[in-house]
Amino acid sequence: MKTTKPAFFARNSFIILMIVAFLLPFFFMGTRRAIRSNKNDVKSWLPSAYEETATFHWYRSHFESDMFILASWEGCTLDNAALPLLARKLLPPEEHSLQVGEPRFFKSAVTGREILQSLIDQGVEAAEAVERLKGFVIGRDGKQTCLVLTVRPEAEAEWDAEAAAGKRGHQKFLHALVERIYHVAETECAITRDELHLGGPPVDNVSIDQEGERTLMRLAGVSAVVGLIMSWWCLRSWGLTAMVFTTALFSAGLSIAIVWFSGVQMNAILMTMPSLVYVAATSGAIHLANYYRDAIREHGMENAPGRAVANAWLPLALATGTTAVGLASLGISELVPIKMFGIYSAIGVLGSLLVLCFYLPAVLQFWPLKALGAESGPRRFDPGLSPRWRGVGEFIIRRNGLVTVGCLALMALGAYGVSQVETSVKLMRMFSPDARIIHDYAWLEEKLGPLVPMEVVLRIDPRKCSLDMLDQMELVAEVRDRLGAMEEVGSALAAPTFTRDLPQRPSFIERRVWIVQLQRHRAKLTDFFQQDGEENLWRISARVGALTNVDYGRFVDNLKQVVEPVLDERRNEGIEGLSATYTGLVPLIYKAQHSLLDGLILGFVGDLILIGIAMVLLMRNLSAGLLLMVPSIFPMAIIFGGMGLLGIVVDTGTVMTPAVALGVTVDDAIHFMLWCRHGQERGMDRRRAIMFAYEDCARAIYQSWGVIGLGLFAFALSSFVPTQRFGCLMLTMLTVSAIGNLVLLPALLAGPMGHFFWRTHKKASQDHAIPAPHIAETSVESAATRGRDRRERGEGAVVG
């Protein structure tokens, strides 16, 4: 007698679950280590191949003073006794550090009083010396001052080596460095954390790290709870909800573990990726759970998981594919955090498809839910099936021209707004107004001066240039003075700032004495004078405000217009071998802003082309691909156009939303158009086929809006502005996307623009025409038919 071979999941569900249980410790380890690897450095956000990045690395190889921290507090004046005490405690004698085993973080700890005294010792009048240092280490009142700490270049490598040997725990270098300042100030100098104000690149990086970790730990939990609630609301089964939740949780853990095992460090932007994968997996799991429920109702418990996967894998693959394509498009971004987010989010979403197709069916096979076979009663709120929703759909079809013109007019207005969009990656805009770093910078810039450096390096080749060292100093002083006179510049520093007054008309002997003295004391000017082979490098540092609205692109142009005429004057005098290099955080941020907008446009256009081609192949109809692009562009035109018109700046969090929202929009639009085609194949005319699709796709669209939009909206509670913007815009864009797919797309299909879409199967429609006079009559089907339709389209929250 021939025996029937057990179904795949009946044979292998236990093995699959054992494999998952075996892998869980590795995922847990990878997740924990990935979170610990979180590290942010704005200067490394641009690729090394960029000219601006290469120039900055060249600059850093000669001048390392950008790794500094300013520390000050109310009452930190030139005669304050706690200031030199704090400097001594933070930079003790080397033998003391070796004895007690303390890390040696700093290369120097210099007080404003010490810098002032060095100028006075050189013969500079006290009043003039104070005036030179205003806006740098002395406040506008001539009394407030600070401590300038310079980080040892080799300190981080030493710390990492000791941490790898288990001597430093899991605390990261910069975190330990900043914590050391707070600890010493509080325990040795009686300066509380609330009183102490810190600023500088290391403090910036630590603040971004902390905000990113808070986002993952606090708001990811909120997002998980929202996803759990939405799962129950869609499924109304605690058993299914628990299985969906574990599937999504496992997918999120897998995505973050992949980051660690691939050898990449986490960053603040990448910290939002696990939550995105979580809501995507939740949406897909709800989708598969609906197929499982229908399989039980139609065929009983036998091989219900296998039947569900057999019917669901193609819609799931389509939904996952559109999402992955949208996310992968961020991989062309030139901003490293955006690129990493796109690549690893796409990998995570694709990985969740494997979890959905193997882990969830295995769980359903091992713990079958027989109670799901009972028919569920009608819901109080069911888009598409309620009379009001049908009335809206009938109005859109009847007044398709008016609706289409209205939507296209909004898109035209949005297109104009998009042309007004401004981008920004300014560091301080990443934090909420209540963040500590904002208060610290506001206090420091008010009491001392601007902190963001724009570096100009004058390069003088002695083999071509006839200027001696004193002439070169005079040239540097002239450039410094002109930069200092610029409206945006709070202070300008250079080597002449820290020497006695340059002689006006020196005799030959005086000139030689000056040159000899300069050569003898070069070690004291290493922060502003270096040599690159035979070339002399003179650094001039112009400081601009971190909290101001300075247009960095215009500022860089203005700065060049100040520096280049000075050099041209010398060139006109026959002096050769002069050039200037412009670098620092300002050019990097300016380049990053352009990369942000370019990446957004290129990525979105590339996505549309790829998905349009896929739609043409799937529908075997060119007009389908063209029609698909209109509702796909609709959310981006409306949202980004509104941002441009309202003057809302696009930042790193904003630029990620179109990639995610596009996938959802396209997936919902594809389902709608396919369902129109199904209605046409059943013999319905155009109006009835559109209404047929409208009624059957509405629930899936609003469920995807709820699971993904509300799940990610939890990030709107973040104090880290890019994450906050990401959460807000995801909900907003998905809302507009739902409007586009339930209003604009039906109107397009019902109007002249949809003519070519319907023409392909027109004959089949005429041969099987249903003689029903009213659109709504074709929508009233039996429960069994509705269940079959639901399986075909994949009712539930479909991630796109």
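The values are calculated or read from the model by the stated rules, or taken from the named source; none is laboratory data. Because the structure is predicted, anything quoted here is derived from the model rather than measured. Here the Cβ is made from the backbone with ideal geometry for all residues, glycine too, and neighbour counts use every protein chain on show. Only protein heavy atoms, including side chains, enter the accessible area calculation; ligands, DNA and RNA are left aside. Shrake-Rupley method; radii C 1.70, N 1.55, O 1.52, S 1.80 Å.
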* Check whether at least one residue in the range 231-238 is at pLDDT below 85 and crowded, with 24+ Cβ neighbours inside 10 Å, and report yes or no. => yes
* In the range 509-525, which residues are without any contact (Cβ under 8 Å) to a residue 40 or more places away in the chain and either among the hydrophobic types (A, V, I, L, M, F, W, C) or open to solvent by less than 60 Å² (accessible area, probe 1.4 Å) (or both)? -> 509, 513, 516, 523, 525
* Asked: Filter the range 136-154 for residues that are of a type outside the set (S, T, N, Q) and more than 23 Å from residue 107 (Cα to Cα); which is least open to solvent (accessible area, probe 1.4 Å)?
  -> 139
* Quick check, is residue 262 small (Gly, Ala, Ser) and crowded, with 21+ Cβ neighbours inside 10 Å? -> no
* **Search result, residues across the range 117-146 that are outside any loop (DSSP other than H, G, I, E, B) and in contact with a strand residue (DSSP E or B) (Cβ under 8 Å, 6 or more places away or on another chain)** => 130, 134, 138, 144, 145
* Structure fact -> Checking 253, 212, 227 in turn, the sole residue that is open to solvent by 10 Å² or more (accessible area, probe 1.4 Å) and either in a helix (DSSP H, G or I) or hydrophobic (A, V, I, L, M, F, W, C) (or both) turns out to be 253
* Mind listing just one residue for me: the one in the range 305-326 that is buried (at least 24 other Cβ atoms within 10 Å of the Cβ) and touching a Phe, Trp or Tyr at 6+ places or on another chain (Cβ under 6 Å) and, of those, nearest to residue 282 (Cα to Cα)? => 312
* **Test: residue 55 is of a type outside the set (Lys, Arg) and touching a strand residue (DSSP E or B) at 6+ places or on another chain (Cβ under 9 Å)** => yes
* To do: Being closer than 19 Å to residue 40 by Cβ and loosely packed, with under 13 Cβ neighbours inside 10 Å is the filter here, so list the residues in the range 160-176 that pass it.
  => 170
* Asked: Consider residue 702 against the criteria (1) outside any helix (DSSP H, G or I); (2) surrounded by fewer than 23 Cβ atoms within 10 Å (Cβ to Cβ): it satisfies all of them except one. Which criterion is unmet?
  -> (1)
* In this structure, does residue 162 turn out to be under 24 Å from residue 33 (Cα atoms), modelled with pLDDT of 90 or more and in a helix (DSSP H, G or I)? -> no
* Asked: Looking at the range 529-594, what strands (runs of 3 or more DSSP E) fall wholly within it and have at least 2 residues that are surrounded by 18 or more Cβ atoms within 10 Å (Cβ to Cβ), among the basic types (Lys, Arg) and touching a residue at least 24 places away in the same chain (Cβ under 8 Å)?
  -> 535-544
* To do: May I ask you to list pairs of residues, at least six apart or on different chains, whose Cβ atoms are under 6 Å apart, with the first in the range 230-258 being in contact (Cβ under 8 Å) with a residue 24 or more places away in the chain and the second being open to solvent by 20 Å² or more (accessible area, probe 1.4 Å) and not in a helix (DSSP H, G or I)?
  => 239/369
* Could you please let me know if residue 157 is loosely packed, with under 14 Cβ neighbours inside 10 Å, in a helix (DSSP H, G or I) and out of contact with any strand residue (DSSP E or B) (no Cβ under 7 Å at 6 or more places or on another chain)? => yes
* Taking only the range 555-570 into account, find how many residues are closer than 29 Å to residue 423 by Cβ and touching an Asp or Glu at 6+ places or on another chain (Cβ under 9 Å). => 3
* Asked: For the range 719-731, which residues satisfy the criterion of being surrounded by fewer than 24 Cβ atoms within 10 Å (Cβ to Cβ) and either assigned to a helix (DSSP H, G or I) or under 13 Å from the mean Cα position of the chain (by Cα) (or both)?
  -> 721, 724, 728, 731
* To do: Exactly one condition in (1) under 29 Å from residue 579 (Cβ atoms); (2) assigned to a helix (DSSP H, G or I); (3) modelled with pLDDT of 90 or more is not met by residue 471; state its number.
  => (3)
* Asked: Hey, any hits in the range 451-461 for a residue that's surrounded by fewer than 16 Cβ atoms within 10 Å (Cβ to Cβ) and either closer than 28 Å to residue 556 by Cβ or modelled with pLDDT under 85 (or both)?
  -> yes
* Say we look at the range 417-430 and pick out the residues that are outside any loop (DSSP other than H, G, I, E, B) and open to solvent by 10 Å² or more (accessible area, probe 1.4 Å); which of these is farthest from residue 580 (Cα to Cα)? -> 418
* Structure fact -> Those residues of the range 327-341 which are open to solvent by 20 Å² or more (accessible area, probe 1.4 Å) and not in a helix (DSSP H, G or I) amount to 334
* Structure fact -> Counted residues in the range 57-86 being open to solvent by 10 Å² or more (accessible area, probe 1.4 Å) and assigned to a helix (DSSP H, G or I) come to 8
* Inspect the range 266-285 for any residue being in contact with a strand residue (DSSP E or B) (Cβ under 7 Å, 6 or more places away or on another chain), farther than 21 Å from residue 667 by Cα and either modelled with pLDDT under 90 or open to solvent by less than 10 Å² (accessible area, probe 1.4 Å) (or both) and give the result as yes or no. => yes
* Members of the range 347-360 that are within 22 Å of residue 708 (Cα to Cα) and either surrounded by fewer than 24 Cβ atoms within 10 Å (Cβ to Cβ) or more than 21 Å from the chain's Cα centre (by Cα) (or both) -> 347, 350, 351, 352, 353, 354, 355, 356, 357, 359, 360
